[in-house]
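Encoded as C-alpha cells, the structure appears first; notes follow it.
The values are calculated or read from the model by the stated rules, or taken from the named source; none is laboratory data. All figures in this text were calculated on a predicted structure; none of them were measured in a lab. Quick reminder, even Gly has a Cβ in these numbers, built from the backbone with ideal geometry, and neighbours come from all protein chains shown. Accessible surface is based on the protein model in full, side chains and every heavy atom, while ligands, DNA and RNA are left aside. Shrake-Rupley method; radii C 1.70, N 1.55, O 1.52, S 1.80 Å.
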Amino acid sequence: ASIVTNGFLLTQDVADMLFKYKVTNYQITFDGIDEIHDKTRHLINGKPTFSTIVDNLTKNKIKGRINIRYNVNEDNKNEENIVKKYVMNMAKISGNNISYYPAIVVNNEIAEKNNEKIKFLDSNNFIIQEMNKKIRKFNSYNCIYCGAQVLSFIVIDELGNLYKCWEDSGKLEHSYGRIEEWNPERAIQTARNPQILIDYINSASVNVDEECKECIWLPVCKGGCPQRRLFYNKQCISYKNNPEQFVLKFIEYRENFSQKKKCDCKN
C-alpha cells in the first residue's frame with residue numbers, strides 16, 4: 001500500500017506500524033527548505049514543521065520508498081536543483097530510499113487560501129514546467145490520470161469521511177462514505193453516495209466527450225483531471241494548441257538522455 005502524508009508524525013513506531021500493514025510507499029510534499037516550507041506548511045498555531053519532518057525521514061529507518069514532491073511556484077521555481085540536492089543528501093545520510101520529483105502548484109481552493117503566500121507560475125513558465133513533467137514521464141498510453149480513478153485510492157479526512165480526491169476533502173457533498181461503514185469488497189453497496197464513487201471510477205474511460213474524441217492529445221492526456229471534469233470545468237493541458245513545441249522539446253530531451261547514457265557507459 002501507499003500513503004500520502006506530511007511526514008510530521010512519521011516516528012519510528014509509526015513507520016514500523018505502517019510497514020506491518022504493508023505500507024511500503026510514501027509521498028511527502030516539500031514547499032521549499034526550512035522557512036520557505038514553513039511559510040505555507042506550518043502547524044495550526046503557526047509553529048514550523050520542516051525540521052521535524054526532515055528528522056523523521058533521516059533519523060528513522062523507514063522500510064519502503066519515500067517520494068519527496070516539490071511544489072513549484074513562481075517564487076521557488078529557481079530553487080528546484082537546490083531542493084533536489086537537499087533531498088538526495090537526505091537519502092545519503094539516512095540510508096533510506098528517498099527520491100525527488102517536482103510538481104506544479106495549480107490554482108485550487110487550497111492554494112487560493114494561501115494566495116498571499118503562493119504566487120502561481122505565469123502562463124509561459126507553467127506551460128514549460130508542465131511539458132517538462134510530461135516529457136520526463138512520457139508513455140504512449142495509460143488510461144489512469146491519477147489515483148482518484150482507482151478503487152483502492154482513498155482520502156480520509158480527520159472526521160472519517162471518505163473521498164476520491166484530496167481536493168474534495170472537507171466538502172461533504174463530494175464524500176462517498178464513512179470509514180466505519182464502507183467495505184471495499186462491497187464498494188457500491190456500502191457507500192453512502194455510490195454515484196460519486198461510480199463517476200470517479202468511470203472517468204478513467206477514454207470515451208469522455210465528443211471534443212476529446214477529436215483531439216490529437218487523447219489518449220496521451222488521459223482525459224485531464226477527473227475532479228475538475230466532474231464538478232467544475234474540463235481542464236485541458238496548457239500546451240494543447242502547440243504540439244510542435246512539445247515535439248521539439250521531447251526530441252531535445254531524448255537526445256540529451258541518450259547522450260547522458262553514452263557518457264555513463266563510458267565512465
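Quick notes
- Within region 234-267, restricting attention to residues that are among the polar types (S, T, N, Q) and modelled with pLDDT under 85, the residue that is farthest from TRP166 (Cα to Cα) is ASN267.
- Count of residues meeting criterion [without any contact (Cβ under 8 Å) to a residue 40 or more places away in the chain, of a type outside the set (A, V, I, L, M, F, W, C) and surrounded by 15 or more Cβ atoms within 10 Å (Cβ to Cβ)] in region 194-208: 1
- Selected residue [at pLDDT below 95, surrounded by fewer than 17 Cβ atoms within 10 Å (Cβ to Cβ) and closer than 21 Å to ALA91 by Cα] from VAL14, VAL4: VAL4
- Residue match in region 18-33 (condition: surrounded by fewer than 15 Cβ atoms within 10 Å (Cβ to Cβ) and acidic (Asp, Glu)): no
- Subset of region 209-224 [open to solvent by 40 Å² or more (accessible area, probe 1.4 Å) and either among the β-branched types (Val, Ile, Thr) or touching a strand residue (DSSP E or B) at 6+ places or on another chain (Cβ under 9 Å) (or both)]: ILE216
- Selection status of GLN227, open to solvent by 40 Å² or more (accessible area, probe 1.4 Å), modelled with pLDDT of 85 or more and either of a type outside the set (Val, Ile, Thr) or within 17 Å of TYR145 (Cβ to Cβ) (or both): no
- Some residue of region 43-55 being of a type in the set (S, T, N, Q), in contact with a helix residue (DSSP H, G or I) (Cβ under 8 Å, 6 or more places away or on another chain), under 26 Å from SER169 (Cβ atoms) and open to solvent by less than 50 Å² (accessible area, probe 1.4 Å): yes
- One residue from TYR163, TYR176 being in contact with a Lys or Arg (Cβ under 7 Å, 6 or more places away or on another chain) and open to solvent by less than 40 Å² (accessible area, probe 1.4 Å): TYR176
- Pairs are defined by a Cβ separation below 9 Å, a sequence spacing of at least 6 or placement on different chains, a first member in region 60-87 that is under 16 Å from HIS37 (Cα atoms) and open to solvent by 50 Å² or more (accessible area, probe 1.4 Å), and a second member that is at pLDDT 95 or above and of a type in the set (S, T, N, Q); the pairs so defined are ARG69/GLN27.
- Residue check for ILE156: among the β-branched types (Val, Ile, Thr), touching a residue at least 24 places away in the same chain (Cβ under 8 Å) and open to solvent by 40 Å² or more (accessible area, probe 1.4 Å): no
- Residue pairs whose Cβ atoms lie under 6 Å apart, sitting 6 or more positions apart in sequence or on different chains, and linking a residue in region 37-58 that is under 15 Å from VAL87 (Cα atoms) to a partner that is among the hydroxyl-bearing types (Ser, Thr, Tyr) and open to solvent by less than 20 Å² (accessible area, probe 1.4 Å), are THR58/SER94.
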